[in-house]
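What follows is a short report on a single structure.
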Amino acid sequence: MSAEIPKQYDPSSSEARWYAYWEEHSYFHSEPDEREPYTIVIPPPNVTGVLHMGHMLNNTIQDVLVRRARMTGKNACWVPGTDHASIATEAKVVQRLREKGIKKSDIGREKFLEHAWEWTHEKGGIILQQLKKLGASCDWKRTRFTLEEDLYQAVIDCFIELYDRGLIYRGLRMINWDPEAKTALSDEEVIFKEKNSKLYHVSYRIKGSGETITIATTRPETILADTAVCVNPNDKRYTHLIGKTVIIPMVEREAPVIADEYVEMEFGTGALKVTPAHDPNDYELGLKHKLDVIDMLNEDATLSEQAGFYIGEDRFKARKLIVKDLEERGQLVKVEEISNKIGYSERTDAVIEPRLSLQWFLKMKDLGGPALENVMNDTIRFFPPKFKNSYRHWMENIQDWCISRQLWWGQQIPAWYYGGGHDEYVIARTVDEALEKARTKSGNPALDASAVKQDEDVLDTWFSSWLWPITVFDGMKDPKNRDISYYYPTNDLVTAPEIMFFWVARMIMAGYAFRGEPPFRNVYYNGIVRDKQRRKMSKSLGNSPEPLELIAQYGADGTRVGMLFAAPAGNDLLFDEALCEQGRNFSNKIWNAFRFLAMNMEEGVKYTPDTRIDENSLADRWMQSRLQSTIRAMQDDYEKYRLNEALQEIYSLVWDDFCDWYIELCKADIPGEKIPKERLERALGFFEELMKLLHPFMPFITEEIWQRIRSRTPEQALVITPEPEFKSALVSDEDAALFATLQQLISAARNIRAKMNIGPNVPLTMLVRSSSDEEASRLLANDWILKKLQQIEKLEIGPDITKPGFAATAIVQGMELIIPLEGLIDLGKERDRITKEMSRLEGFLKAIDGKLSNERFVQNAPAEVVENERKKRADALANLEKLKESLVELG
């Protein structure tokens, strides 16, 4: 035992010291061996990202699972790493260059990538260092990066293999276009938001007649690219116009009126403007009816030459200009205020433009079959299972994945073009291989290297991270290597439900596509961290605390506990800093309990924590039973991924049972003396077991105390110590029930003291009218517990107890606790005190009732103020009722 035990626990000193110790002894590093593996791969954060509250929650959960697996004897391997984040990183580099007056297009790809790598080396990896502050026990020797050479090549190999299987194709499709990042996006990268918009009703002239037809659109600027107006063939309002010609406003272009049942007669005016280049549904109509396609937008969403008007203007400015011009021409019929959903880029928050583009796509239907089947049959289990429904819906309606991105930072698509034709390309790893294939495919052996040019685009970032559980173990490079054979499939994935489709579903597809088995066995979905107003935490809202500041203030353990207290699987976490304060208070409670036990050690005496109990002590038997019941409950919670409930179990055992009851009963029988050696060793034995159970949640303070209790070798560090085993024979429901009865009798006596204003050191006569002699016998056999925790001068227990005239009583499990009050209180003074307090409360209630009966106050005061007044009224009424009862008891 360390001689000097600080009065206060200092997390800042302890955390740095023990993390360095763990790293020094390589406790987190794993190599394949004969043990059962336990593997988690970290959801790779952006390489240049910094720790936020979502990371804190996600990685705390992972660390709990990994540390617990380590303590159950498994070969735990938590693989860390970062993601190259094509769009986000490239945007940062472009912005930095712009600040220096440099355009990306001016310096070329090679030079731009130099800047991107410079940025990555400068800013990258910060988040991984921050995770160490949290206590994350990752195998840092295995850290990977999605753009490192081996993982880069793995993605290229993946592309080529899928292309060779006929699953990757190049095609002109309507895609989601991010005009700020100037790249295509997959459907999953589009976030739809409900927005207030305007619906513009515009009249189109019918050629050769005085008639018009009115359409309704939220995007009047796209009128410039209209190539038809479509009506439902069953709509009697318009049947006479089918086949006629309309004149498109502004551009005065002729276009047909076509008929198709796709048009909903009840929606808008029942007449639809058709713009095949700028709406996915219009594009399908255009293909079906062989309409012209006019692309009126540039890559940056300014109007192109083909628009004919407002050339070079931003799309939203063009909208205002055309509305003004249509109004002046008398063709703007009316404008409605509506609410509709608009797609935004998940990365840049730019409004998405549907755009026809030649892109690379991955066919998803065949890949999706095993991924759907094996989640629905629980080969891969979701926690909570409710997410299976949304997973199934997405998988059953899956679309081909647009995997090309118009960026330079990422894995460059291994397609090489050798001519101007649509299919004049080959797929190859190198220019030499491409040249050879191009000569063969073209039939032109004279082609030289200058004739082939690699596709400028890169692959979607998710196209590298969907391989993450495989590539971190080099499973694409060497499918039968030692690591992938041992660690794969991994055990648990901890992630957020919002990337279920981006990442989870695709990893499952990749697992079955490349290895014929799942990438993981279980998926734990943590919720979104929100503030007390249920808003998602973000820096822009200013409602997100800095994680490292929380750790500095409350300690890593306190912060971890605070996060987990309110984090049931799959449900959003309503974060309140008070939870971290509660976590810190728990750390202090643990430290104070340890310090109390340590201060009871005699100088020069060797103490050995002992888990063998005194079988004659109900307190020992009860604590042993409570410990075993908690071990069993926690094991069940772990199996069901109810980590917050497992934490609540051990929290209650430590705080309520061990600190508030067991330690009190361990104290010396004579006040001021130290706890007897054997009793103290048993208390330390229990305390060590508690530290083991707590370690996954609070690794730093538990290791600190573990190492202080007695001298340990590195092989005996808590981080690798086996967790306590459940021993059912040590659970005694009978002892638990008997001790609970004694607890309730003591609590009832304390309540009577408080109610009657009797000091804690005033001796009481305690009479307990039991239901039987047998019950009385059991209680009397353990009356030392009552006497230890209450000042009692006389104790009688039995079924024939007579209640004196002047006494306070309480019912405890069918028994009556009787505390005679004669000589303890001055009846007259007590009646006067209660009467005065009742009078004060009645006056207080009158004032509150006056406020609450005032309609102006109730209607105009803030809701929380009114609610507070109502709460004060309810509390006052409850207190008044208690005082009335006390007055009756006084007689």
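Return the residue satisfying two criteria in turn: it lies in segment 575-618 and is of a type in the set (A, V, I, L, M), modelled with pLDDT of 95 or more and within 34 Å of the chain's Cα centre (by Cα), and of such residues it is farthest from PRO547 (Cα to Cα). Per the criteria, the residue is ALA593. Checking each residue in segment 1-34 for being open to solvent by less than 50 Å² (accessible area, probe 1.4 Å), within 30 Å of TYR488 (Cβ to Cβ), under 29 Å from the mean Cα position of the chain (by Cα) and not hydroxyl-bearing (Ser, Thr, Tyr) picks out TRP22, PHE28. Restricting attention to segment 304-336 and to residues that are of a type in the set (Lys, Arg) and without any contact (Cβ under 8 Å) to a residue 60 or more places away in the chain, the residue that is surrounded by the fewest Cβ atoms within 10 Å (Cβ to Cβ) turns out to be LYS324. Summed over segment 853-871, residues that are surrounded by fewer than 15 Cβ atoms within 10 Å (Cβ to Cβ) and in contact (Cβ under 8 Å) with a residue 12 or more places away in the chain total 1. Residues in segment 86-121 that are among the hydrophobic types (A, V, I, L, M, F, W, C) and either within 22 Å of LEU459 (Cβ to Cβ) or part of a helix (DSSP H, G or I) (or both): ILE87, ALA88, ALA91, VAL93, VAL94, LEU97, ILE107, PHE112, LEU113, ALA116, TRP117, TRP119. Pairs linking a residue in segment 623-635 that is aromatic (Phe, Trp, Tyr) to a residue that is open to solvent by less than 10 Å² (accessible area, probe 1.4 Å), with Cβ atoms under 8 Å and 6 or more positions apart or on different chains, do not occur. Here ALA154 passes the criteria (1) out of contact with any helix residue (DSSP H, G or I) (no Cβ under 8 Å at 6 or more places or on another chain); (2) closer than 25 Å to ILE87 by Cα; (3) among the small types (Gly, Ala, Ser) except the one numbered (1).
If you go through segment 501-530 and pick out every residue that is without any contact (Cβ under 8 Å) to a residue 60 or more places away in the chain, under 19 Å from the mean Cα position of the chain (by Cα) and open to solvent by 10 Å² or more (accessible area, probe 1.4 Å), you end up with 1. Can we say GLU822 is closer than 30 Å to PRO671 by Cβ, open to solvent by 80 Å² or more (accessible area, probe 1.4 Å) and modelled with pLDDT under 90? Against the criterion (closer than 30 Å to PRO671 by Cβ, open to solvent by 80 Å² or more (accessible area, probe 1.4 Å) and modelled with pLDDT under 90), GLU822 qualifies.
Taking into account only those residues within segment 71-85 that are assigned to a loop (DSSP other than H, G, I, E, B) and either without any contact (Cβ under 8 Å) to a residue 24 or more places away in the chain or under 26 Å from the mean Cα position of the chain (by Cα) (or both), which is surrounded by the fewest Cβ atoms within 10 Å (Cβ to Cβ)? Of everything passing the filter in segment 71-85, THR72 is surrounded by the fewest Cβ atoms within 10 Å (Cβ to Cβ). Out of ILE819, ILE801, ILE792, ILE785, one residue alone is touching a strand residue (DSSP E or B) at 6+ places or on another chain (Cβ under 9 Å), touching a residue at least 40 places away in the same chain (Cβ under 8 Å), closer than 17 Å to LEU764 by Cα and β-branched (Val, Ile, Thr). It is ILE819.
If you filter segment 541-586 down to residues that are among the small types (Gly, Ala, Ser) and in a loop (DSSP other than H, G, I, E, B), you find that the one that is farthest from ASP660 (Cα to Cα) is GLY542.
All of (1) open to solvent by 90 Å² or more (accessible area, probe 1.4 Å); (2) under 30 Å from ASP669 (Cβ atoms); (3) in contact with a Lys or Arg (Cβ under 9 Å, 6 or more places away or on another chain); (4) among the charged types (D, E, K, R) hold for LYS794 with one exception: (3).
Just to verify a result, which residue in segment 117-140, among those that are more than 22 Å from the chain's Cα centre (by Cα), modelled with pLDDT under 95 and crowded, with 16+ Cβ neighbours inside 10 Å, is farthest from PHE697 (Cα to Cα)? So the residue we want is TRP119.
Of all the residues in segment 280-303, those that are under 22 Å from ALA350 (Cα atoms) and surrounded by fewer than 20 Cβ atoms within 10 Å (Cβ to Cβ) number 7.
The values are calculated or read from the model by the stated rules, or taken from the named source; none is laboratory data. Predicted model, so just to flag it, every value in this text is computed and none were measured. Neighbour counts run over all protein chains shown; Cβ positions are idealised from the backbone, glycine included. To get the accessible areas, we keep the full protein, side chains included, count just its heavy atoms, and leave off ligands, DNA and RNA. Shrake-Rupley method; radii C 1.70, N 1.55, O 1.52, S 1.80 Å.
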